[in-house]
Structures are given as C-alpha cells and as structure tokens.
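Here is the structure we will look at, set down as structure tokens.
Here, each number is a calculation from the coordinates, and none is a lab measurement. All of these numbers come straight from a predicted model, not from anything done at the bench. All Cβ positions, even for glycine, are placed from backbone atoms using ideal geometry, and neighbour counts span all protein chains on display.
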C-alpha cells in the first residue's frame, strides 16, 4: 500500500499546471480553440480528466493560462534603447507570437481587459509617458498603439490562415503574385489606388509593414510633445 501511495504521489507531482498549460498550447497550435478539449488534453498527457481538473477549473481558465504563458514569454524582458525602441520591441514580440500562435488573436480581441492585455497596455503606456507625451494625450496615444498592434497582428494571422487555405504548399510569393495580378485586372477607374500599389503589394513584407505602421503612430505621438 505504501509503495502504491508513493507511485501516486510521483504521478500527481509530475502532472503540474505548467505541464498542462504547455500541452494546451501545443493542442491550440495544432487544432485551434475548437480542438482544445479536456478529452484531447487527457490523451496527450496520458492521464484522466479528473487529474487535469485538479489544476485547472475549466476551459476558459485554461485558455487564459495558455494566453498568459505565450505572451509573457514573447513580450517581457528588459528591452534596451529609447522608449520608442521599447514600444517597437513589445509590438514585434506580440506580432511574432500571434504569427506563431494564430489562436491568440481572437483570445485578445474577445477578452480585451484580461490581465495579460492590461499588462501589455500598461507597458506601452509607461513608454508613452517616457516619450514626454502630455498627460491629457497619454490615454489616447497608448490606446491608438494598442488598437493598431492587436488589430494588425490579428489581421496578419487571419491573412496567413487564408493563405494556407488558398496556397497549401505555403508559397507566399505565389499567393502575393496572384492577388496583385487580380488587383491589376480591376477597372482602373473604379480602383485607381489598388492599381497604383499592386506592385508594392506583390513584394511587401508583412512584418516590416507592421513595424512601419507602429512608426507612423509613434511619429504622430511624438509630435504631441511640447516644443522648445
């Protein structure tokens, strides 16, 4: 009986909350939110659902924990440089995390006031303050950055998912060529702008474009600082 108890203790110790969250992230990456079930998680961890419920109350808590784990790893750390460079580092960390884990985008969009999102907002806001933005404009400035960062990163993830559907072999260049050619075939009188930028779209880099957007917003924010 004592030997069996020791074996049970070792098994319970091995099944930690961290292991469960790591396995949940793997499932989410493979199958998305709909594929994350306690049955699938139990099979992956080779345990029963009851053992998982001991550490995590429900799927909502598990999704929150998985989101926190991925974003904390991607956006925390001591970033050197100016406040603007620190904002870029946080933005790119988030962009890359959502690009690698597309299920993050709807989690952040549907739960904008969860702790991890608030932490990101606070980090961006601190750097907005460090830029010398006047107090009345700090909330709007930080909000504009967060809305762009979350929205653009989420849209990139959605575009990537659509691209995989249209181009299963992952040939992004071929997809961009197809899309830009379609723009060029549109009626110029009705779509003059799309005709003008079709060549740029064909060769653009999503990550570089995202960062350029951050820089545009930063340029507007820094213009708010008192002159002199």
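PRE reach from residue 211 (point 7 Å along Cα→Cβ): which of region 61-103 fall under 13 Å by backbone N?
85-96
Set the Förster distance to 25 Å, then compute FRET efficiency between residue 177 and residue 31 from the Cβ-Cβ distance, nearest 0.05.
E(calc), rounded to 0.05, equals 0.25.
Suppose the chain between residue 54 and residue 22 were pulled fully straight at 0.36 nm per residue; how much longer would it get relative to their current alpha carbon spacing?
That works out to 9.9 nm of additional length.
Using only helices, what value at 222 nm comes out for the chain when you add -39,500 (n - 2.57) per DSSP H run of length 4 or more and divide by the total residues, to the nearest 500 deg cm²/dmol?
-25500 deg cm²/dmol
How much length is gained on full extension from residue 115 to residue 130, taking 0.36 nm per residue of separation minus their Cα-Cα distance? Walk me through the numbers before you get to the answer.
Values: separation 15, 0.36 × 15 = 5.40 nm, distance 2.25 nm.
Residue separation times 0.36 nm, minus the Cα-Cα distance, leaves 3.1 nm.
Listed highest first by mean packing, meaning other Cβ atoms within 10 Å per residue, what order do 211-220, 18-27 come in?
Ranking the peptides 211-220, 18-27 by packing returns 18-27, 211-220.
What shape does region 20-88 take by its C-alpha gyration tensor, where a ≥ b ≥ c are the square roots of the eigenvalues and a/c under 1.5 counts as rounded, a/b above b/c as prolate, and the rest as oblate?
Working: a/c = 3.40, a/b = 2.71, b/c = 1.25.
It is prolate, given that a/c is not under 1.5 and a/b is the larger ratio.
How much length is gained on full extension from residue 189 to residue 44, taking 0.36 nm per residue of separation minus their Cα-Cα distance?
Details: separation 145, 0.36 × 145 = 52.20 nm, distance 5.61 nm.
Going from the current span to full extension adds 46.6 nm.
Return the single residue from 153, 189, 84 with maximal mean-square fluctuation; model: Gaussian network over the chain, springs between Cα atoms under 10 Å.
Highest fluctuation of the listed residues: 189.
Defining a contact as two alpha carbons under 8 Å apart and six or more residues distant in sequence, what relative contact order in percent does the chain show?
In percent, rounded to a whole number, it is 18.
Enter the Cα centre distance for the pair region 187-201 and region 85-133, rounded to the nearest angstrom.
Here the answer is 33 Å between Cα centres.
Name the shape class, rounded, prolate or oblate, that the alpha-carbon gyration tensor gives for region 180-228, where a ≥ b ≥ c are the square roots of its eigenvalues, rounded holds for a/c under 1.5, and otherwise prolate holds if a/b is larger than b/c and oblate otherwise.
Because a/c hits 1.5 or more and a/b fails to exceed b/c, region 180-228 counts as oblate.
For region 79-222, just say rounded, prolate or oblate: build the C-alpha gyration tensor, square-root its eigenvalues into a ≥ b ≥ c, call rounded for a/c under 1.5, and beyond that prolate if a/b exceeds b/c, oblate if not.
Judged from the Cα gyration tensor, region 79-222 comes out prolate (a/c at least 1.5, a/b above b/c).
Using Cα atoms only, what is the angle between the long axis of helix 83-100 and the major principal axis of the chain, expressed in degrees (0 to 90) to the nearest 10?
Approximately 60 degrees, to the nearest 10.
If packing is taken as the average count of other Cβ atoms within 10 Å, what order do 31-43, 98-110 fall into, highest mean first?
Packing proxy ranking, top to bottom: 98-110, 31-43.
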